[in-house]
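Contents: one structure, followed by commentary.
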Amino acid sequence: MLETLDAPAVRTWCRLALSALGQAREEIDALNVYPVPDGDTGTNLYLTVESATAAVERCFEAGAEPALPATAKAMATGALVGARGNSGVILAQLLRGVAEVLAERGGGPEALQAALTRGAESAYQAVAEPVEGTLLTVAARAAESAGQAPGTLAEVAASAHRSARGALLRTPEQLSVLARAGVVDAGGRGLVAVLGALADAVAGQQPMGPVALGEDLPVAHASCEEPERLPGHPAFEVIYLLDAPPTALPALRESLAALGDSLVIGGGDGLWNVHVHVDDAGAAVEAGVVAGRPHQIRITHFAEAAARAGLRPGPAEAPAERVVLSVVTGAGLVELCREAGAAVLAADPDAPPSSAELAEAVRRCAAREVILLLNDPELRAGAGAAADQLREEGLRIAVLPTRSPVQGLAALAVHEAGRRFDEDVVAMTSAAGATRYAELAVAEGQSWTMAGVCQAGDVLGLIDGDVAVIGPGIAETGAEVLSRMLAAGGELVTLVLGEGADPELAEVLVAHARRQRPEVDTVVFAGGQESAPLLIGVE
């Protein structure tokens with residue numbers, strides 16, 4: 001349990017917040033009915049925190065452990081630059097307020113209390129017309145409770161999180177649109193996830209998980225009550241970064257307030273993130289030109305966003321070229337996927353691709369239809385956010401959450417470009433789902449697992465993601481894992497050897513499989529992956 005919030009704790013906070021938002025992204029998108037029911041609040045918050053997390057990681061990549069002020073500033077700047085949507089800009093401004101106090105006063109309990117208070121105040125100041133029953137209210141109640149909490153850093157963070165949960169559950173009482181739809185505020189739900197991650201980071205506990213909404217407050221998609229609100233709202237969401245002096249902001253606020261609503265301007269030190277809903281998108285950008293230099297301009301048409309969220313029927317899909325994009329590590333696996341007809345994103349095992357990198361890889365495919373094979377469960381949240389972005393650009397994309405390269409290879413084996421898109425996706429998903437997967441790993445230290453306690457140097461056999469075998473060597477552990485997998489039946493065994501694997505390993509395991517199940521075929525590939533000395537698939 002930490003006594004002081006330091007740079008590594010901020011890093012852990014960002015990582016846990018990103019994970020929590022990734023798990024809750026679809027749920028939060030479904031809660032999104034205010035201010036416009038376009039079903040993207042969870043995605044926007046995820047992308048905002050992803051940018052903050054990436055900025056913090058860059059601080060640590062420089063070598064020596066960074067100081068708290070530099071790390072906090074990186075978090076705030078990263079969030080500001082990557083902020084998406086109304087809630088994303090508000091969250092970025094809240095994090096900026098938190099970072100300012102941490103840089104000034106350190107990371108003790110009293111500093112965290114003051115940081116959460118300034119964060120809430122900064123968030124309110126960024127919004128032209130604050131509305132209660134939103135992320136702002138949740139932030140204010142969390143800060144108020146944290147300010148009254150006695151004792152340790154963990155108690156302050158836990159108090160903020162508990163109060164945020166309670167405030168979230170009361171948001172329908174404060175905002176009628178939420179009550180009519182039977183949901184809590186989407187932005188507030190995201191903030192609860194972020195504050196829960198903070199409490200976990202300072203307490204050293206497992207993530208607190210999603211909010212239990214209760215039977216009296218069911219989750220409903222925005223389309224249940226609110227699609228009729230779209231025609232009465234401005235047509236466009238405009239968001240851009242702005243280089244401008246603080247003296248230019250009053251006139252900018254006045255100009256944008258006259259053009260539309262949902263105006264939020266966050267930032268400082270000459271860099272601002274401007275968000276507004278307007279009918280005249282060009283005029284909103286021109287107002288930014290008058291104030292300074294707008295860049296990274298994003299304009300979203302709400303009618304199209306609503307169609308994507310299921311609130312309006314979208315246009316019919318035109319026939320288009322289809323590409324399968326496979327994310328893998330290891331030269332052998334890259335070549336295998338290419339030979340099977342897939343485009344490949346060769347990932348760094350130590351730095352998984354972000355949602356932005358996944359989206360850019362899909363764009364490089366230059367196809368209207370893309371089937372994305374992740375081959376790693378950790379990529380699912382980022383891929384979901386990337387897919388939402390790409391659909392806004394008119395691409396038809398399906399994300400197959402394959403959890404291992406052997407599942408990806410099974411899916412590729414049944415891919416047929418001549419089939420209808422949906423039929424191809426179903427066939428590939430079925431093939432991947434019918435493939436059990438396993439991998440071997442070497443334990444780095446003593447740890448508790450589902451198979452017992454392991455020591456440094458032990459070989460772990462993971463079946464479908466869980467440790468099932470602890471053994472002394474690669475061959476022995478691989479044989480035991482293979483026996484357990486074949487006990488449930490199978491027709492084809494796929495062995496993918498990692499970088500530096502003993503060539504005799506394949507011979508040993510092929511012979512073992514034949515003794516166990518003479519009728520089962522076995523194929524061996526040199527995958528070259530660094531992350532696992534052996535991958536096993538059983539179809």
* Asked: Quick one: is residue 411 more than 22 Å from residue 381 (Cα to Cα), at pLDDT 90 or above, among the hydrophobic types (A, V, I, L, M, F, W, C) and crowded, with 19+ Cβ neighbours inside 10 Å?
  -> no
* Considering each of 108, 85 in turn, give the residue that is of a type in the set (Gly, Ala, Ser) and over 22 Å from residue 42 (Cα atoms). => 108
* Asked: What about residue 328, is it aliphatic (A, V, I, L, M), in contact with a Pro (Cβ under 6 Å, 6 or more places away or on another chain) and modelled with pLDDT of 55 or more?
  -> yes
* To do: Exactly one condition in (1) of a type outside the set (Phe, Trp, Tyr); (2) touching an Asp or Glu at 6+ places or on another chain (Cβ under 7 Å); (3) open to solvent by less than 40 Å² (accessible area, probe 1.4 Å) is not met by residue 118; state its number.
  => (3)
* To do: Would you please list the contacts, defined by Cβ atoms under 6 Å and residues six or more apart or on different chains, that run from a residue in the range 469-482 that is in contact (Cβ under 8 Å) with a residue 60 or more places away in the chain to a residue that is open to solvent by 30 Å² or more (accessible area, probe 1.4 Å)?
  => 474/533
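Of all residues in the range 60-102, which are over 21 Å from residue 125 (Cβ atoms) and among the aliphatic types (A, V, I, L, M)?
Selection gives 62, 64, 67, 68, 70, 74.
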* Structure fact -> Within the range 54-73, the count of residues that are open to solvent by less than 20 Å² (accessible area, probe 1.4 Å) and either among the acidic types (Asp, Glu) or under 20 Å from the mean Cα position of the chain (by Cα) (or both) comes to 2
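Would you mind stating whether residue 426 is surrounded by fewer than 17 Cβ atoms within 10 Å (Cβ to Cβ) and at pLDDT 90 or above? Full working, then the answer.
Numbers: surrounded by fewer than 17 Cβ atoms within 10 Å (Cβ to Cβ): yes; at pLDDT 90 or above: no.
Taking the combined requirement at face value, the residue does not satisfy it.
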* To do: Answer with yes or no whether residue 49 is within 23 Å of residue 267 (Cα to Cα) and among the β-branched types (Val, Ile, Thr).
  => yes
* Structure fact -> The condition of being open to solvent by 10 Å² or more (accessible area, probe 1.4 Å), closer than 28 Å to residue 348 by Cα and at pLDDT 90 or above holds, among 459, 467, only for 467
* Asked: Mind checking whether some residue in the range 515-536 is in contact with a Phe, Trp or Tyr (Cβ under 8 Å, 6 or more places away or on another chain) and crowded, with 17+ Cβ neighbours inside 10 Å?
  -> yes
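Listed here are the residues, each with its yes/no results for (1) closer than 26 Å to residue 46 by Cβ; (2) at pLDDT below 90.
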{"residue": "190", "(1), (2)": "yes, no"}
{"residue": "197", "(1), (2)": "yes, no"}
{"residue": "211", "(1), (2)": "yes, yes"}
{"residue": "220", "(1), (2)": "yes, yes"}
{"residue": "224", "(1), (2)": "yes, yes"}
{"residue": "236", "(1), (2)": "yes, yes"}
{"residue": "244", "(1), (2)": "no, no"}
{"residue": "264", "(1), (2)": "yes, no"}
* Structure fact -> Note: among 441, 410, just one is in contact with a helix residue (DSSP H, G or I) (Cβ under 7 Å, 6 or more places away or on another chain) and of a type outside the set (Asp, Glu), namely 410
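Residue-wise test of (1) open to solvent by less than 20 Å² (accessible area, probe 1.4 Å); (2) at pLDDT below 95; (3) more than 30 Å from residue 3 (Cβ to Cβ).
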{"residue": "95", "(1), (2), (3)": "yes, no, no"}
{"residue": "106", "(1), (2), (3)": "no, yes, no"}
{"residue": "131", "(1), (2), (3)": "no, yes, yes"}
{"residue": "138", "(1), (2), (3)": "yes, no, no"}
{"residue": "148", "(1), (2), (3)": "no, yes, no"}
{"residue": "151", "(1), (2), (3)": "no, yes, no"}
{"residue": "155", "(1), (2), (3)": "no, yes, no"}
{"residue": "173", "(1), (2), (3)": "no, yes, yes"}
* Asked: Among the numbered criteria (1) outside any helix (DSSP H, G or I); (2) within 12 Å of residue 112 (Cα to Cα), which single criterion is violated by residue 202?
  -> (1)
* Hey, among 513, 532, which residue is in contact with a strand residue (DSSP E or B) (Cβ under 8 Å, 6 or more places away or on another chain) and not in a helix (DSSP H, G or I)? -> 532
* **Residue count for the range 409-447, restricted to those that are over 29 Å from residue 505 (Cβ atoms), in a loop (DSSP other than H, G, I, E, B) and among the hydroxyl-bearing types (Ser, Thr, Tyr)** => 0
* For the range 58-86, what are the residues that are modelled with pLDDT under 90 and more than 20 Å from residue 295 (Cα to Cα)? -> 58, 59, 60, 61, 62, 63, 64, 65
* How about the range 516-528: which of its residues are within 15 Å of residue 439 (Cβ to Cβ) and either in contact with a strand residue (DSSP E or B) (Cβ under 7 Å, 6 or more places away or on another chain) or free of Cβ contacts under 8 Å to residues at least 24 places away in the same chain (or both)? -> 525, 527
* Asked: Of 295, 275, which residue is of a type outside the set (Val, Ile, Thr), in contact (Cβ under 8 Å) with a residue 60 or more places away in the chain and in contact with a strand residue (DSSP E or B) (Cβ under 9 Å, 6 or more places away or on another chain)?
  -> 275
* Asked: Does the range 340-362 hold any residues that are of a type outside the set (Val, Ile, Thr), part of a helix (DSSP H, G or I) and either open to solvent by less than 70 Å² (accessible area, probe 1.4 Å) or at pLDDT 90 or above (or both), and which are they?
  -> 355, 356, 358, 359, 361
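The values are calculated or read from the model by the stated rules, or taken from the named source; none is laboratory data. Here the structure is a predicted model, which is why all the values come from computation and not from measurement. Glycine also receives a Cβ, built like all others from the backbone with ideal geometry; neighbour counts cover every protein chain displayed. Side chains are part of the model used for accessible areas, which takes the heavy atoms of the whole protein and leaves out ligands, DNA and RNA. Shrake-Rupley method; radii C 1.70, N 1.55, O 1.52, S 1.80 Å.
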